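Just so it is clear, none of the values below were taken in a lab; they were calculated from the coordinates. Treat the numbers as computed from the prediction; the structure is a model and nothing was measured. Neighbour counts run over all protein chains shown; Cβ positions are idealised from the backbone, glycine included.
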Amino acid sequence: MSIAKISVPSQARRGELVEIRIAIQHPMETGFRMDNMGKVIPKNTVSNLLCRYNGADVFRAEMGSGIAANPYLQFYIVAQDSGDVAFSWVDDRGEKGSASSKITVVV
């Protein structure tokens, strides 16, 4: 399972645009490199990433071999209600990862 660092503000005002960031520790093998023995290293990238805010999908990404190792993504959401910002992802081998953080929305 991949490790991720996420950045979600702990507090925001209702209606405020907040920055969400995630960096996933993953080698993102393209399938084009060879090991020391000359064998092709199988393709293994984080293929799908989903972010949910209080259970609703707010961001989705489909990644491929053009993404660098340890992918970093940044996007914005509008703070509506206090709750969870949850990420989940899966790679080409079927390994899954997840991370989440809470945000408190004040008036």
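Amide H contacts of residue 25 (H built 1.01 Å from N, in plane; Pro and chain starts excluded): 3, 4, 5 sit under 5 Å, all sequence-distant by 5 or more or on other chains. For region 45-93, the Kirkwood hydrodynamic radius from C-alpha pairs, put into Stokes-Einstein at 37 °C and a viscosity of 0.692 mPa s, yields a diffusion coefficient of 275 µm² per second.
Normalised by residue number, the volume inside the convex hull of the Cα atoms of the chain is 83 Å³ per residue.
Straight-line cross-link partners of residue 102 among the lysines, defined as a Cα under 29 Å from its Cα and at least 8 positions apart when in the same chain: 5.
Peptides 28-41, 63-76 ordered by packing proxy, namely the average of other Cβ atoms within 10 Å per residue, highest first: 63-76, 28-41.
Once the piece of chain linking residue 56 and residue 81 is laid out straight, how much longer is it, given 0.36 nm per residue of separation minus the C-alpha distance between them? Mind showing how you got there, number by number?
On the way: separation 25, 0.36 × 25 = 9.00 nm, distance 1.19 nm.
Once the chain is fully extended between residue 56 and residue 81, it gains 7.8 nm.
Around the amide H of residue 48, modelled in the peptide plane, lie the amide H atoms of 63, 90, all under 5 Å away and 5 or more residues distant in sequence or on another chain.
So if each residue of separation counts as 0.36 nm, and I subtract the Cα-Cα distance between residue 74 and residue 21, what length gain in nm does that give? Mind dumping the intermediate values first?
Working: separation 53, 0.36 × 53 = 19.08 nm, distance 0.44 nm.
Between residue 74 and residue 21, full extension yields an extra 18.6 nm.
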